[in-house]
Amino acid sequence: MKLQFAMDTLSTEAALELAAAAAPHVDILELGTPLIKSAGLSVITAIKQAHPDKVVFADLKTMDAGELEADIAFTAGADLVTVLGCAGDSTIAGAVKAAKKHGKGVVVDLIGVSDKAKRAKEVVALGAEFVEMHAGLDEQAEEGFTFATLLEDGKASGVPFSVAGGINSSTIASVQESGAQVAVAGGAIYGAPDVGAAAAELRAAIV
């Protein structure tokens, strides 16, 4: 299982600092949606230039203009981009078309999708590399949220998936047991006093 570091900071300088600390221990560097909105596409280029050996994941959360948005992110240096699972099939197909042109990939983020397992099958058939079983910060704060639901949806989908939504050193083993290809950690790493040590701890928990 691969480890993905989601950086939700708001400046290129902060992202470069976090990435430098965590990079030795992670496989994928994710530029969170707030970061890209704040710093612009140039942050994608900066991270890819600083870490050419890492997969750079641009969390665009595209909802429309799939081919166009994916194309500009791939041109900037992204290896993977996200399209929302609640977007239309044509939007996802457009992003996949851009990905094929660049030799890159599309990940479909299932945040807000009620039947994640069903939609996961549909979007992989459209050409998505994998899907992200994702509970956002707002959903995690809602009463009744359980992390286990994401794992159950991933297992039920029968397609390659990642898991994002509150992963830490105490939950990452269950993510691996669920069969996920990628565990996505954000706050557990960037919110730690020692970013490198936190990333290393999560890496060590993957067997």
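The values are calculated or read from the model by the stated rules, or taken from the named source; none is laboratory data. Treat the numbers as computed from the prediction; the structure is a model and nothing was measured. Positions of Cβ are backbone-derived with ideal geometry, glycine not excepted, and every protein chain shown enters the neighbour counts. Just so you know, the surface numbers come from the protein's heavy atoms only, side chains and all, with ligands and any DNA or RNA stripped out. Shrake-Rupley method; radii C 1.70, N 1.55, O 1.52, S 1.80 Å.
In order along segment 196-207, the Karplus-derived 3J(HN,Hα) couplings, from 6.51 cos²θ - 1.76 cosθ + 1.60 at θ = phi - 60°, round to x, 5, 5, 5, 5, 5, 5, 4, 5, 7, 8, 9 Hz, and Gly and Pro are given as x. Within the same chain, lysines fewer than 8 places from residue 48 are excluded, and of the rest, those with a Cα less than 25 Å from its Cα are 2, 37, 61, 97, 100, 101, 104. How many angstrom lie between the Cα centre of segment 81-151 and the Cα centre of segment 1-53? So the two Cα centres are separated by 20 Å.
Dividing the helix sum by the residues of the chain, where each DSSP H run of 4 or more adds -39500 (n - 2.57), gives a mean residue ellipticity at 222 nm of -13000 deg cm²/dmol. Inverting the pair-averaged 1/r between distinct Cα atoms of the chain gives 16.7 Å as its Kirkwood hydrodynamic radius. Only protein heavy atoms count here; under a 1.4 Å probe, residue 59 has an accessible surface of about 10 Å². For segment 1-57, dividing the convex hull volume of the Cα atoms by the residue count gives 64 Å³ per residue.
On full extension of the chain, what length is gained from residue 64 through residue 204, given 0.36 nm per residue of separation minus the C-alpha to C-alpha distance?
Computed gain between residue 64 and residue 204 is 46.5 nm.
Counting every alpha-carbon pair across segment 28-85, the share separated by more than 17 Å comes to 26%. Amide H contacts under 5 Å for residue 60: 82, restricted to partners 5 or more places along the chain or on a different chain, H placed in the peptide plane at 1.01 Å from N.
Out of the total accessible area of the chain (probe 1.4 Å, heavy atoms of protein only), what percent is carbon and sulfur?
Details: 4720 of 8800 Å².
Summing carbon and sulfur atoms, their accessible area is 54 percent of the total for the chain.
Spacing of the modelled spin labels on residue 2 and residue 37, each 7 Å from Cα toward Cβ, amounts to 2.6 nm.
Residue-wise HN-Hα couplings along segment 91-98, as the Karplus relation 6.51 cos²θ - 1.76 cosθ + 1.60 with θ = phi - 60° gives them from phi, are 5, 5, 4, x, 5, 5, 4, 5 Hz; Gly and Pro carry x. For the pair residue 146 and residue 173, a Förster radius of 25 Å applied to the C-beta separation gives a FRET efficiency near 0.90, rounded to the nearest 0.05.
Explain nothing, just the number: dipole magnitude of segment 61-207 about its Cα centre with +1 on each Lys and Arg Cβ and -1 on each Asp and Glu Cβ, in debye rounded to the nearest 20. The calculated dipole for segment 61-207 is roughly 520 debye. Based on protein heavy atoms only, the chain ends up with 43 Å² per residue of surface accessible to a 1.4 Å probe. Looking at the P(r) of segment 101-176, how many percent of alpha-carbon pairs lie beyond 19 Å? Counting pairs separated by more than 19 Å, the tail of P(r) holds 35 percent.
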